[in-house]
Every structure is written in C-alpha cells, then in structure tokens.
Amino acid sequence: MTNYIYTPDNNNPGFRCRVPLNNTVQLFVADGIMQQENIGEISIQQQERGYTLHVEKGKNIPELLQIISVRTSANTRPLDFSSRFELESCSSAKLLLCSHTLSEDNFATNENISVEIGENAVLDLVMMQNEHNNSIHNAKFDISLAANSLLRFHIVTLHGGEITNTINVNLNGKGCECDLNGLYLANGKQHISNKVNISHNVPECHSNQLFKGILEDEAITKFSGTILVAKDAQKTEAYQANNNLLSSDFAKAYTQPHLEIYADDVKCSHGATVGSLNEDELFYMRSRGISYNEAKLLQQQAFAYAALAKINNPELLDRLGNLVEKRLRGEFSHCQNCSTHCC
Amino acid sequence: MENLIEIKDLHASINGKEILKGINLTVKAGEVHAIMGPNGSGKSTLSAVLAGKENYEVTGGSVTFLGRNLLEMSPEERSWAGLFLGFQYPIEIPGVTNVNFMKTAVNEHRKQNNLPALTAAEYLKLMREKLAIVEMDPAFSSRGVNVGFSGGEKKRNEIFQMAMLNPRLAILDETDSGLDVDALRIVANGVNKLKTPQNATIVITHYQRLLDYIVPDIVHVLYKGRIIKTSGKELALEVESRGYDWLINESE
Ligand SMILES: Nc1ncnc2c1ncn2[C@@H]1O[C@H](COP(=O)(O)OP(=O)(O)OP(=O)(O)O)[C@@H](O)[C@H]1O
Ligand SMILES: [Mg+2]
C-alpha cells in the first residue's frame, strides 16, 4: 500500500494533506463522498453519501487507516451521510477519523456511523474533530460488540461551533470490552455535547468511560452518560467519569450521569467533577518563573492527558498532544506545510 | 555590600486578619540570615508575601528588591528578578513532569535575558549537574512534580530547583524539617555550594542543627508578626537552650 497525498483538483484546490503519520493509509471523503476505491485488503463500498468499510474474517490490517472527511465550500447545504465499519470475527483494524471544515461556511452535517465488531475482533478507533466556529456537526455512532471483542475509542473534539456526539454502544457478546475516552476543548461561544449510552446486554462485559472537558470564555459543554445493565448481565463492570476544568466564570459544563442497573452482581461507578484551575499549583509554577499563561497551559495539558494516554500509537498520541497544546494556546491547530486544519 | 532586599515596616493580612505587623529587614549580598520564631509567628506568611502570593493583602510598608518595588511585581517577575522561595510544603503537580516543569521555568528565565531556549541535550546536561548537587536520582525527573515524593525528597527537589534557577536571594522556609541526618547534610551542602559573594540566603528554621551546616551571619526572631530580636549566630544557640519565653518577655 502507498501513502496518498491529496491534492483534490476541482472542488478545493487548496487542500493538501500534511505529511502523514508513518505506516498510514489515507482515505479522503469530500462532503460525504468517499474518493477511493478498495485499498489492499480493505474493501470500500461507496454509497451516494457515505461508504462501507469491511474487514474480512481473520484479517489484521497493520496500517493505520486515516479517513479525512472534509466539508468544502463546493456544497454548503445541510448534509446527511452514513458510514459503516464492519470487522468480521478475529480481525483487527486501526482507524483514525478526522473531521474538518475547509471554509467558514455555515455547515450543518448529520453523520451516522455504524460500527460492527465481530467475535474476537479488535478495533482501535480515534476520532478527531477540528472544525470552524460556524460548523454544526452531529455525529452519531451506533456500535455493537460481539463476544470477546475489544473497542478502544478516543474522541477528541479540538474545535467546532456546535458539535454533538451521540455514542450508543451495545455490548452484545459475552466477554467484550469497550474503553471510551473523550476530550473536548471549548472556548468562545462553542457548544460541545457528548451523549453516551452503553448497554450491557449480556454477562461479563467491561466498559469504561472517561470524558474530560476544558472550557474557557463562554463555552458550554454537556455530558450525559447512561450505563444500562440488563437483567441477566451479571459480572458486568462499568465505569464512568466526567471531569471538567473551567478557566472562566462564564463557561458552563453540564454533566449528567445515569445508571440503570437490573442485574445484581455488577461493579459500576460513576463520578463527575467541575473544577477551576488549582491556585496553589499556579503559584508554585509562577514562583519558579513560569508565566501565568504557561502555568495555566501546563495544568490544562496535565488535566487533558489521561483522556489521550491510552492511545497506543505513540506518533499519533504525540501529534494529538501537540494539536491540543496549540489549541490551548489559542491557535486553531494546523501544521506548517498546510493551509488547513487537518490532523 | 549591595542591598539585595530592603523590607520596611511591612504589614500584611489575610482574610482581614493582620499577620505581619511591621517587618524591617535588610539583606546584603553575600549574607546568610536565619529567621526563627514560634509556630504561627508569621514566618511562612513573610515568605509568601515576598514571593507574591495573591491571597495576602499588603496593608503597609515597602519592599525593594535590587532597586525595584517588589510588591508591584507578579510572582513570575519576582522569580525572573532573582528571588526564590523554597516552600515549607512543596506543591504536588500531577501530570506535569519535573523535567517539563523545570525546563519551562529555565527557558522562561532565559527568554527574559534574551537567551535562546536550551536544547534538550543542553537541558539534560544542566539538569544532571544540578541533580548531583543534591544527590538526586535522575529518575525523579520523569515523575510528576513532587508527586509521591517523600518529605525529604520534596525538600531536595526545592534545592535542585534553586540550583537550576541560580537566584540572587533564596528564602528557604523550613527546608530542614522532616529531613534525616544525611538528607540534612546533603541539602545544607547544596545550599553552601550555591553560595557566592553576589547572592544571599534567608533560612527559616526551628532548629539550631541546620545552622551548624549553614552558618548564618545574622539571626532574627519573629514573634506575632514582628522581629523582636536580631543578633549574631549565638542567638540560635540561646533559643535552642532557653526557648522563646525570655525573648518574648524582654520585648513585652
Ligand atoms: N487563610 C488564613 N486565614 C486566617 N489566618 C491564617 C491564614 N493563613 C495563615 N493564617 C495565620 O497566620 C499566622 C501565621 O502563619 P504562618 O504560616 O506564617 O506561621 P509560621 O511562622 O510559618 O509557623 P510554622 O512555624 O508553624 O510554620 C498563623 O496564626 C496562621 O493561623
Ligand atoms: Mg511556616
């Protein structure tokens, strides 16, 4: 497989992807339309708007598949599109979904993403959202896991006007595991919502949610997380945490945990915090000559880190860490060799 | 010798309660001062006010540091100007590694002096050199700032930071408390190694023991927000054997 560099000709001549991560295959979706045919072992079916990506039984895709989905000024109408990821049993894949807007039009995007993970399959999924302030984006995930499968999911919202992520996870097969981590950074008048519903439908499944938010200015974020444990889902372990760090008196973080447990032999916990910068830490750093802004940034980065730490591709972790830092410094993240704001 | 700091009739309060009630203290380059005094007399308050902690309100007096009005400066500006406070209770910062913390601090100091940031290799070399002064294992550098450090390790880390920042005036607030005999020697040696004719140290302590290693030129006793006695190093010995009552009675 080769690494692609995109210079889409007609619609958006300005777009070129930055130097890709090592060992990465890039796929490009413009206004919901997949621009590629099948790639190597991976079958890609294009639909009118959206695509299906299928990994066959027993196939392990070693490369990271980076799917860059952009909204462009070529189509500024509201758009609905759907994509589907299917991993057959005993297969594995690593996906990086990047969501961007290439212009500051008032985009409205409704995206449905269904993910089906077969028995003993493993999916590493990272979603990175970096859109303009005029963008409204609803991303709805419907995820199902079969027996002994594993999903590691990181959803990182760097920037966007009004972003709503709905994540429905159905743990349908015994012994499966879902590790869900979210980081959202909101400033100005941005609104970011994450709604998570995890259903433990069968026994012996594990789920873990960690969502962290950093808010400034008049940003508003919402987290609502439901853990549902069905009557027969004994030996369930389900954990949820949502922590928010506010550095403005005008920002608002709403958080709403919800547990619905019908089985009796379960381990469940949830916790939510909304806090401000730690004054003692700030003073300690400043007393060493670290300026207020840098001290604040160090604290925010430290806070954010846990939500990224489990990304097991060090290069990707490093790059996301840099994007988070740039974002917290007040720069709309983009790299040196590219005019847009892609990961 | 040059006056590093001149504190004149300094009053400060917290939550409307006056803690410092007129402190007068001048420290010259090359000097070592010790401040002793019973618990709650205001020693840590004085150090916090000098370092610029915001929840204290200065209600009167002045502080001149190297010719500048210290009280108008932010905590980071005070650090850049050459003031260092070794905390009585060093703060833990989970998630920020020691190396990142000190590298940021050192490079901000360099920026103030129009020097380029240190490269990773240059920083590492400097760090190892300074860690050696307090006999600290380089493994500490990758851990969160003070996180999980023992009491003694935290205090060594304070002196390490002091060594990295090379201040003109260091105020060490009970850097000796909680140290075992070896650590005390290491910390005191660290302080002595960093001593030059240009800089000065104020050590706040309850124990004569530290002053056997860091020999003070002048000893002050602080009581209820005032310095009630200033004398030579023999004052520390006298406090050790007689306590504070006689000084308090003398002053009242
Ligand atoms: N936030 C506060 N509100 C009210 N009083 C305070 C506050 N912080 C400190 N104080 C009081 O100020 C006084 C001086 O405290 P400080 O910590 O400066 O004493 P110290 O001399 O350093 O004592 P020690 O030897 O125990 O370290 C104490 O009586 C303390 O209770
Ligand atoms: Mg004290």
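Could you tally the net charge around A:V29, taking each other residue with its Cβ under 11 Å from the Cβ of A:V29, Lys/Arg +1 and Asp/Glu -1? Show your work: numbers first, answer last.
Working: positive: A:R49, A:R71; negative: A:D31, A:E111.
Net charge in that neighbourhood comes out at 0.
Take the solvent-accessible surface of the protein heavy atoms, probe 1.4 Å, and return the percent of it on the protein assembly as shown that carbon and sulfur atoms account for.
Answer for the protein assembly as shown: carbon and sulfur cover 46 percent of the accessible area.
Got a sec to turn the phi values of region A:107-121 into Karplus ³J(HN,Hα) couplings, 6.51 cos²θ - 1.76 cosθ + 1.60 with θ = phi - 60°, whole Hz, x for Gly and Pro?
Once rounded to whole Hz, the list reads 6, 10, 10, 10, 10, 10, 10, 10, 10, 10, 10, x, 4, 6, 8.
Could you pull the Cα extents of chain A along its three principal axes, largest to smallest, in whole Å?
The Cα atoms of chain A stretch 59, 58, 35 Å along their principal axes.
Just by accessible area at a 1.4 angstrom probe, what is the order of A:C205, A:C90 from largest to smallest?
On the way: A:C205 0, A:C90 70 Å².
Result, largest first: A:C90, A:C205.
What is the gain in length, in nm to one decimal, between B:L66 and B:L118 on full extension, counting 0.36 nm per residue of separation less the C-alpha to C-alpha distance?
Numbers: separation 52, 0.36 × 52 = 18.72 nm, distance 2.66 nm.
Going from the current span to full extension adds 16.1 nm.
Can you tell me what share of the DSSP beta bridges in the protein assembly as shown is antiparallel? A percent to the nearest 5 is fine. Walk me through the intermediate numbers first.
Details: 32 of 187 bridges.
In the protein assembly as shown, approximately 15 percent of DSSP beta bridges are antiparallel ones.
Where does each of A:S99, A:S247 land when they are ordered by accessible area, with a 1.4 Å probe and the largest first?
Numbers: A:S99 5, A:S247 35 Å².
Reading off the accessible areas and sorting them downward yields A:S247, A:S99.
Would you pull out the residues with amide H under 5 Å of A:Q36's amide H, same chain only if 5 or more places away, H placed 1.01 Å from N?
HN-HN under 5 Å from A:Q36: A:F28.
Under 12 Å from the Cβ of A:A307, count the other residues' Cβ atoms, weight Lys and Arg +1, Asp and Glu -1, and hand me the total.
Net of charged neighbours comes to +1.
Taking Cα atoms of region B:104-214, Rg/Rh with Kirkwood Rh, to two decimals? Could the numbers behind the result be given before it?
Values: Rg = 14.4 Å, Rh = 14.8 Å.
Rounded to two decimals, Rg/Rh equals 0.97.
Of all DSSP beta bridges in chain A, what percent run antiparallel (nearest 5)? Intermediate values should be presented prior to the final figure.
Details: 7 of 145 bridges.
Close to 5 percent.
Placing unit charges on C-beta atoms (Lys and Arg positive, Asp and Glu negative, everything else neutral), compute the dipole magnitude of region B:3-251 about its Cα centre in debye, rounded to 20.
Numbers: 28 positive and 29 negative charges, 86 e Å.
Result for region B:3-251 is approximately 420 debye, rounded to the nearest 20.
Once the Cα gyration tensor of region B:183-252 is found, what semi-axes does its equivalent ellipsoid get, as square roots of 5 times the eigenvalues, in whole Å, sorted largest first? Please list the in-between numbers first.
Working: eigenvalues 124, 36, 18 Å².
For region B:183-252, the ellipsoid semi-axes come out as 25, 13, 9 Å.
Quick one: accessible area per residue over the protein assembly as shown, 1.4 Å probe, rounded to a whole number of Å²? Can you show the working numbers first?
Numbers: 24610 Å² over 595 residues.
Each residue of the protein assembly as shown exposes 41 Å² on average to a 1.4 Å probe.
Over the Cα atoms of the protein assembly as shown, compute the convex hull volume and normalise it per residue, giving Å³.
Working: hull volume 107.1 nm³, N = 595.
Hull volume over Cα atoms, normalised by residue count, gives 180 Å³.
Can you spot the lysines whose alpha carbon is less than 27 Å from A:K296's alpha carbon? Ignore those fewer than 8 places along the same chain.
Cross-link targets: A:K189, A:K212, A:K222, A:K252, A:K310, A:K326, B:K53, B:K103, B:K111, B:K130, B:K154, B:K155.
Using alpha carbons only, how many degrees (0 to 90, rounded to 10) separate the axis of helix B:181-193 from the longest principal axis of chain B?
The helix B:181-193 is inclined about 80 degrees to chain B.
Can you compute 3J(HN,Hα) from phi for each residue in region B:122-133, using the Karplus curve 6.51 cos²θ - 1.76 cosθ + 1.60 with θ = phi - 60°, rounded to whole Hz and x for Gly and Pro?
Each residue of region B:122-133 in turn: 4, 4, 4, 5, 4, 4, 4, 4, 6, 4, 4, 4 Hz.
Residues in region A:43-70, backbone N under 15 Å from the label point at A:N23 (7 Å along the Cα-to-beta-carbon vector): list them, ranges by number please.
A:60-66
Checking buried surface per residue: for region B:105-129, which residues lose a minimum of 20 Å² accessible area in the protein assembly relative to the chain alone (1.4 Å probe)?
Residues shielded by partner chains are B:A105, B:E108.
Run the paramagnetic zone check for A:A74: 7 angstrom along Cα to Cβ, then residues of region A:26-62 with backbone nitrogen under 17 Å.
A:27-37, A:46-51
Starting from region A:209-284, pick out the chymotrypsin sites (Phe, Trp or Tyr not before Pro) whose DSSP state is loop and whose Cβ has at most 12 other Cβ atoms within 10 Å.
A:F250, A:Y262
How large is the Kirkwood hydrodynamic radius of chain B, counting all unique pairs of alpha carbons, in Å? Let's see the in-between values first.
On the way: mean 1/r = 0.0535 Å⁻¹.
After inverting the pairwise mean of 1/r, the radius is 18.7 Å.
Can you list the trypsin sites (Lys or Arg not before Pro) in region A:207-296 that are in a DSSP coil and have 13 or fewer other beta carbons within 10 angstrom? Before the final figure, lay out the partial values.
On the way: sites: A:K212, A:K222, A:K231, A:K235, A:K252, A:K267, A:R286, A:R288, A:K296; in loops: A:K231, A:K235, A:R288.
Answer in residue order: A:K231.
The values are calculated or read from the model by the stated rules, or taken from the named source; none is laboratory data. Remember, predicted model here, so these are calculated numbers, not experimental data. All Cβ positions, even for glycine, are placed from backbone atoms using ideal geometry, and neighbour counts span all protein chains on display. Side chains included, ligands, DNA and RNA excluded: accessible areas come from the protein's heavy atoms. Shrake-Rupley method; radii C 1.70, N 1.55, O 1.52, S 1.80 Å.
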